[in-house]
Structure formats: C-alpha cells, structure tokens
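To start, the structure itself, in structure tokens.
The values are calculated or read from the model by the stated rules, or taken from the named source; none is laboratory data. Keep in mind that this is a model prediction, so the values were computed, not measured. Cβ sites come from the backbone with ideal geometry, for glycine too, and all protein chains shown count toward neighbours. Quick note on the areas: whole protein, heavy atoms, side chains included, nothing else; ligands and nucleic acids left out. Shrake-Rupley method; radii C 1.70, N 1.55, O 1.52, S 1.80 Å.
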Amino acid sequence: MKPVDQKEESVYQRVVLKNASPYHYLKVHLVLENETTRLTAVELKQFIITGLKTLHGEVGAALNVDVLKYDDDSLTALLRVSSRGLVKLWSSLTLLGSYQNQACAFRVLQVSPFLLALTGNSRELQLD
C-alpha cells in the first residue's frame, strides 16, 4: 500500500479528431408509393442531385456524391459524400417527397465515416 500523503501523478492526454475521415458513407433505402417502380443507378443519382439542387441550389448540385453500390430490387444504395457535405445530402434526402408524381421517402439506414462499419448490422445478426 502507498502512503496517503504520497500522490501518484497520472498523465492523460485527450485527443480529439475532427473530420478524421474525408468521406462519410450512407446506406439508404428508397421507399416508393408504387412498389413496382424501379430506378437504375443513374436515375437514382440524378434524383439525388435534383434534390440537392432544389434545397441548396447550385452549391448543393455541385456536391460530389458517389453511388458506390446499388441494388435495384430492394432500392438500397451505398452513398459516399465528403464529410463537409454530409448535412446537405442528408437534409435533401429527408425532404425529397415525390418521384415522377408518386410519393416517396428516403430512409437513412446507417451512416459512418468508415466504409467497413456498413458491412454488417448488429440488429440483423442471427446467431446459430
């Protein structure tokens, strides 16, 4: 045991990383009123850019958004955007409400600055 009057000095260093990653990745699902409607990856990207332009003007339309993966059966996409443009993209996806005169909504399923984090979902994990 150590004497009470002798203090042990601990050195802790606080490290804060802002914008540790240059990109953010979003896993999104498009819900359409007519479930038989299908979009190609190019149509999806054009729809997203149109939403960005509507909400944020030319600055939003100039935002670099990449569709890394798209499943046209489930209408689920994996998007990459610069970390500075994440809020603009997310807000425009939230406010998109119609596609070709039918109601629609984007559901943001997962967001991460690391692509590897979107490979699995612990909520859907099934143990044998």
TODO: Kindly express, to the nearest 10 degrees and within the range 0 to 90, the angle between helix 86-95's C-alpha long axis and the longest C-alpha principal axis of the chain.
DONE: 40 degrees
TODO: Grab the alpha carbons of segment 18-87, take their convex hull, and tell me the volume per residue in Å³.
DONE: 92 Å³
- [ ] Please list 30-42, 106-118 highest first by mean number of surrounding beta-carbon atoms within 10 Å per residue.
- [x] 106-118, 30-42
Task: Diffusion coefficient, µm² s⁻¹, Stokes-Einstein with Kirkwood Rh over alpha-carbon pairs of segment 58-128 at 20 °C and 1.002 mPa s - done: 152 µm²/s
Open item on the list: From the helices alone, meaning DSSP H stretches of at least four residues, give me the mean residue ellipticity at 222 nm for the chain, per-run term -39500 (n - 2.57), in deg cm²/dmol to the nearest 500.
Closed with: -8000 deg cm²/dmol
- [ ] Please work out how much length the chain gains when fully extended from Arg107 to Val31, using 0.36 nm per residue of separation minus the C-alpha to C-alpha distance, in nm with one decimal.
- [x] 26.6 nm
Open item on the list: Can you give me the angle between helix 41-61 and the longest principal axis of the chain, using Cα atoms only, in degrees from 0 to 90, rounded to the nearest 10?
Closed with: 70 degrees
Open item on the list: Quick check: with the 1.4 Å probe, what order do Tyr70, Tyr12, Tyr99 take by accessible area, largest first?
Closed with: Tyr12, Tyr70, Tyr99
Open item on the list: Could you work out what % of the accessible surface of segment 17-116 is carbon and sulfur, using a 1.4 angstrom probe and leaving DNA, RNA and ligands out of the count?
Closed with: 54 percent
Open item on the list: On a full-extension model of 0.36 nm per residue, what is the gain between Ala62 and Leu115, subtracting their alpha-carbon distance, rounded to one decimal in nm?
Closed with: 16.8 nm
TODO: Quantify how much of the Cα-Cα distance distribution of the chain extends past 17 Å, in percent.
DONE: 64 percent
Open item on the list: Using Cα-Cα distances under 8 Å and only pairs 6 or more residues apart, what relative contact order does segment 60-128 have, in percent?
Closed with: 18 percent
Task: Rough spin-label spacing in nm, given labels placed 7 Å along Cα→Cβ, for Glu43 and Asp128 - done: 3.9 nm
Open item on the list: Quick check for you: with a 1.4 Å probe and neighbouring chains kept, what is the accessible area per residue of segment 5-126, in Å²?
Closed with: 71 Å²
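Note down the relative contact order for the chain as a percent, whole number, built from C-alpha pairs under 8 angstrom at least six residues apart.
Value for the chain: 36 percent.
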